Amino acid sequence: MSKHVSNATEHNRLNGGVLVIGDNSFELPFIKRTRKQISQHHKLDFSRAVYAMNDEGLKEVVHLNPHITHLDLGRCDKITDVGTVCLHGLKNLKYLNLYGCYELTDISHIMRLTFLTRLNLSGMNDVSSSALRELSKLTRLQQLHLSDNDKVDDEVIKSISQLQRLTHLNLSLLFGRISNDGLYCVAAMPVLTHLNLYCCTNITADIFSRFGQGLQVLILQNERKLMKDLYCHIHNIGTLQVVGGIRPIEFDDGSGDDSDDENVPIFSREEWHDLKDRGVKIDNDYINFPMTM
């Protein structure tokens with residue numbers, strides 16, 4: 001194998017059936033072994049080889065094993081549009097993680113991967129909104145991650161809401177770029193069970209009354225106004241996970257003196273116990289949710 005792909009030395013390991021390639025050195029004794037490993041395993045993870053994986057390396061991997069079903073390129077930010085041209089040859093690919101591949105601007109080759117069920121395009125800020133709207137054509141998608149993506153807006157959300165098999169949707173860290181207008185369509189998605197809206201700051205609590213009982217997990221930012229309004233609108237949601245906050249949850253003591261700390265939601269004790277009975281989970285870690293798949 002050329003030096004385009006990490007030698008993945010003795011640190012290569014299997015993790016749940018996925019071959020994880022290490023980013024250690026380029027010493028010749030390991031190159032032949034790595035070529036053989038890549039050719040034999042259909043589930044490959046290069047997210048530990050971010051310093052070594054590049055366009056030529058990706059082409060070599062696809063050449064060695066065109067039958068890959070699982071490809072994790074998370075944070076491999078040396079990969080460009082030139083490298084992803086070869087992806088269209090992976091006819092059996094079901095899982096593709098491109099989280100943090102910041103150089104990518106063109107996803108047209110990904111659109112030819114019609115068997116994809118899980119796709120992560122988080123952090124890809126140079127892919128256009130019009131291109132992201134085309135994701136609705138990947139009709140087998142079950143999980144889609146578009147976190148921290150500057151080009152995701154309400155029109156993109158409306159388009160991907162047409163994905164009838166989607167169960168997991170990550171729209172975290174979009175701040176003011178999406179609103180209730182886009183989420184109206186998301187609420188109508190027939191099999192959606194997990195929705196991550198952490199740091200989506202332009203939404204209001206009333207949108208959640210439109211979600212049916214199929215939504216099992218909703219992840220939101222710990223923000224005072226949203227939390228106080230949310231209580232009246234989450235009757236159909238299985239589990240609420242609130243992320244963020246710098247102090248433990250406080251209760252309204254009836255004095256009318258609301259804390260100025262916007263990171264602390266205040267419920268009455270009755271509301272809090274009612275939320276607990278509904279399976280609400282309050283998480284006070286600063287951040288505690290999967291950015292990737």
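Just so you know, all these numbers are worked out from the coordinates, no wet-lab data involved. On a predicted model such as this, the values are computed, not experimentally measured, just so you know. Reconstructed Cβ throughout: ideal geometry from the backbone, glycine too, with neighbour counts over all protein chains shown.
Key figures
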| quantity | calculated |
| --- | --- |
| Long-range amide H partners of Ile178 with built H, under 5 Å | Asn202 |
| Built amide H within the under 5 Å cut-off of Arg165, gap 5+ | none |
| Whole-Hz ³J(HN,Hα) from phi, Karplus 6.51 cos²θ - 1.76 cosθ + 1.60, for the stretch 169-177, glycine and proline x | 9, 10, 10, 5, 6, 9, 6, x, 7 |
| Sorted peptide list for 98-104, 167-173, 187-193, criterion being average Cβ within 10 angstrom, highest first | 167-173, 98-104, 187-193 |
| Relative packing of 201-211, 52-62, 156-166, which averages over residues the other C-beta atoms within 10 Å, highest first | 52-62, 156-166, 201-211 |
| Lys, Arg +1 and Asp, Glu -1 on Cβ, resulting dipole of the stretch 78-198 about Cα centre, debye, nearest 20 | 620 |
| Global geometry of the stretch 107-177, whether rounded, prolate or oblate, following the gyration tensor of its Cα atoms and the 1.5 cut on a/c | prolate |
